Each structure stands twice: as structure tokens, then as C-alpha cells.
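These notes concern the structure reproduced below.
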Amino acid sequence: MTVNRVSTANSFDRTVASINERQVKLAQAQDQLSTAKRVNKASDDPVAAVLSERALNRKAQREADLRALDSSRRSLEQLDSALAQVADLYARARELVVQAGNAALAEPERRDIAQQLLGIREQLLEVSNRDDTSGNTLFGGLGGAAQPFVDVYDGQGRAVRFDGLRGQEAATAQSLPKMIDGFRVFMGVNLSGNFAASTSADGVAVAQGFGANLGTGSVTVSGSPTTPGFFSFDENAARQPRYVIEFTQVPAAAVGSPPGEANRVTVTQLNADGTVGTVTGPAVYPVPGPPVDATVTIDGMTLSFAQAPIAGDKVELKPADQDVFAVLDRIAKALTYGGSTAPGDLAQEVRRQEIDTTLNELGFRLNQSLEARGAVGDFLNRADSLQSLFTDQRDFYEKENSELTDLDMVKGISEFQTQQLTLQAALQAYGQVQRLSLFQYIA
């Protein structure tokens, strides 16, 4: 009789491998239950892992946008508060100037009003250099200076210099500006050249000399423009609508011309869009008499040139945009101007003219501050819209990531129980097979 040997090694290896596989799947199901995630590593589901990573990156970007938006909102709210204070100071200054127009006031009373106006000037200077809670200037424009408004003293007296960068940062689809152009709210054009400048009677236009002028004297403006809206203020000084008046001489061949034609002025109208327009009336204006006390009428306004402008001198007639700090300095000086109190005296005339000019310029500045506050209010409204948009997008990316990686708990528990039963069955089967032996069946 022949007896063959029966080996169980191969069966043992297959059974152990099956048990190990069941244990791995059970451990995976247990990890998914403990983390509530279907995808814990890239090998669990490569496609879902890649899509999840992209969703998480976009969610992180939106959270960063929300943090930046909160920072911008805080700055804008502080800016709105500062502009409200500026408007109150302008209104208070106007009240004091109107009060100063009372001819019955005594000199001590006028000096008291002048001191109050100078106090308002100092408050405006403090507000103009105010920072937000992050240390950013509120009125620095495009930045460029930690202190945008600097009180300086030169040979001609005290003045305020703007060291910020003019311009307004635009709002984007993801961010809002944290500061505005303080030049629009507080400052104005630098009056340069040898011609002192003056605003028109209604404060709309200002005549300004050029730096290369060789003549002397001053120019004053009276009357109101007849062209509606021509002198609308433009924040870009290089694109303001304006008239350019240039003093010229007739050719030598025309020396025998009448005295009234000995000198001429050429007037050019420059529109805000950069085009050259037509001037109401003749293009060349005769200057009566010698180049002294010349008078030129443009668009209903009369420019009076005292003393001696000469050939080559130029003057711009442009929108009024005056420095509010200089305005308050001038009115304070006018209110303390010495002289008698007799009707018609020089002191009273100086005060009257300065009061009229100051009221017009403060009104203009008040409108500018209200426009700036309106722009800030618009930015705050946009902040609300952006916050709603960013929040919705963040929640969408969170939901997308959840759908890709989160575990269905009911399904996960069922899978865990299934793997547990499968492992138990494998172990029981293995145990039963291991107990079997050929010797048990040999009689």
C-alpha cells in the first residue's frame, strides 16, 4: 500500500493572506469612522484628493479675502468718522466767519474769533494726518508718506505741504482701498509765478500766474462764468478745464498801430478732455493803453492786471481749488488787521473781501468733504456685497470639499460591520481548517 503525504502550507499561506487583507480593510474602515473622512490620503481616492486640494486652496483664498475685507472695512469706518469730523469743523468755521462779518464786533471779539479759527485749522491738520488702527494714513492718497500733511514755515510765513501721493486707489473685485486722496479734501493748487491770484466773486474760478512770468503785479477776477459747467472741478490738475491768457506783442512792422493795440493777449480755451475749444468773442484781445492795469474779459469774467505784465507772461483761469489751511490763516490775519473802525476804511474792506472769499471756499471744501464721504459710503456698501459674495464662495468650496472627502456615516458603519464580520468568518474558517488532521481519519 502506498501512502502520499498531503501538504497544507499553500492553503495556510492563502488563508493568512486573506485574513491580512480583511484586517487592512477593517483598519481602513475604522480610520474612516474615527476621522469621519472617506479620503484620508491620496491613495484612498486620487481624483477626489486632487479636487479636494483645489477646493481647500480656494477656500483658504476666500478666507484671506475676508480678513483683508474686514481690515479695509475698519479703515473705511474710521475714515467715515474722520470725514464727519471734518465736515463739522468746516461748518463750525463757516459759522464763525459769518459771525465775524458783524460790523459791530470790537477788536477783542474779532481776535477771539480769529483764535478759534486757528484752533479749527490745527484740528483739521490733526485729522488730516490721522491713522487707522493698523497704522495706515487715512488721507495719504496712494501712500508715500507716513505724515501726508506737513506744517512748514518758509520766508513767506506758515503753509501746509502735501507729502502724500495724489490719486485714489480703485476698488477691485477682491479688495477695497483703505485711504482716500486727502489733497481733494484739504488742499488745492500751488499758486506759483509772479502774479498773485484771486478767485472770482462766486468762488468758481481762479486766475493763476506761471512760474516763468517776468512781469510784476497781481491779477484779480470778478464776475461769474457764462458757460454753464465749464469750470467743473477735475481731480487731475493736468486735465482741468481752463483758459490760458498769454501776453504778446504785435510785429515790428505794426509799430505805428494805435496805442490801444500796442500789446495784445491771446486766449486759448482748453477743455477737460484735452481738446482746444473756441473762445467766446475774438481770439485776440486788445489791451488798453501801455502794459499797466490791463483788463481782459473772458466768458463773463473780468481779469484785472495791476502794474506791469510783459510780453511772454501767461495766466491760467481755472477752477477754484484753494488750500483750506491757507484760507483759515488768511481770514484769521484779516480779522486781526489793524486800522480804524471808520466806515470805508482799509481794514474793514480787507475783512469784508476776505470774509466773502472764505465763505465761498469753505462751502467748496465742505462739498468736497461730503463727496469724499459719499465715496467712502459707497465703498462700505461694496464691502457688504463683497463680504456676502466671499462668504457664499467660501461655504461653496467647503461644501465641495465635504462632498469629495467626507464619509457617509451610515454607509461607513455598515462597511465597518461588514468588514468585521468578514474577518471573523475568515478567522473561524482558518481555525476550523487548522484543527483538521489526516491522522484523525486513520483507523
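The values are calculated or read from the model by the stated rules, or taken from the named source; none is laboratory data. Quick caveat: nothing in here was measured; it's all calculated off a predicted structure. When we count neighbours, we look across all protein chains shown, and the Cβ atoms used for this are built from the backbone with ideal geometry, even at glycine.
Whether any residue in region 323-333 is of a type in the set (D, E, K, R), modelled with pLDDT under 75 and not in a helix (DSSP H, G or I) is what I want to check. No: region 323-333 contains no residue that is of a type in the set (D, E, K, R), modelled with pLDDT under 75 and not in a helix (DSSP H, G or I).
One line per residue, one yes/no per condition, for (1) among the β-branched types (Val, Ile, Thr); (2) more than 26 Å from Ser385 (Cβ to Cβ); (3) part of a helix (DSSP H, G or I); (4) in the same structural domain as Ile331 (by TED's automatic domain parsing):
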residue: Ser72; (1), (2), (3), (4): no, no, yes, yes
residue: Glu77; (1), (2), (3), (4): no, no, yes, yes
residue: Ser81; (1), (2), (3), (4): no, no, yes, yes
residue: Glu95; (1), (2), (3), (4): no, yes, yes, yes
residue: Glu122; (1), (2), (3), (4): no, yes, yes, yes
residue: Val150; (1), (2), (3), (4): yes, yes, no, yes
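Against the numbered list (1) within 30 Å of Thr302 (Cα to Cα); (2) in a loop (DSSP other than H, G, I, E, B); (3) modelled with pLDDT of 65 or more; (4) of a type in the set (S, T, N, Q), Thr220 comes up short only at (2).
Here Gly344, Gly363 are screened, and the one residue that is small (Gly, Ala, Ser) and modelled with pLDDT of 80 or more is Gly363. Condition check for Arg62 on (1) over 21 Å from Thr137 (Cα atoms); (2) without any contact (Cβ under 8 Å) to a residue 60 or more places away in the chain; (3) surrounded by 14 or more Cβ atoms within 10 Å (Cβ to Cβ): one failure, at (2).
In this structure, does Asn401 turn out to be part of a helix (DSSP H, G or I), at pLDDT below 80 and buried (at least 18 other Cβ atoms within 10 Å of the Cβ)? Criteria not met by Asn401.
Suppose the filter is at pLDDT 80 or above and part of a helix (DSSP H, G or I); does Leu427 pass it? Criteria not met by Leu427.
In this structure, Leu105 does not satisfy being part of a helix (DSSP H, G or I) and either more than 22 Å from the chain's Cα centre (by Cα) or in contact (Cβ under 8 Å) with a residue 40 or more places away in the chain (or both). Put simply, of Ser175, Ser192 the only residue that is at pLDDT below 60 and surrounded by fewer than 22 Cβ atoms within 10 Å (Cβ to Cβ) is Ser192.
Mind listing whichever residues of region 353-381 are of a type in the set (D, E, K, R) and in contact with a helix residue (DSSP H, G or I) (Cβ under 9 Å, 6 or more places away or on another chain)? Across region 353-381, the qualifying residues are Glu354, Glu361, Arg365, Glu371, Arg373. Scanning region 1-34 for residues that are among the hydroxyl-bearing types (Ser, Thr, Tyr) and at pLDDT below 75 returns Thr2, Ser7, Thr8, Ser11, Thr15, Ser34.
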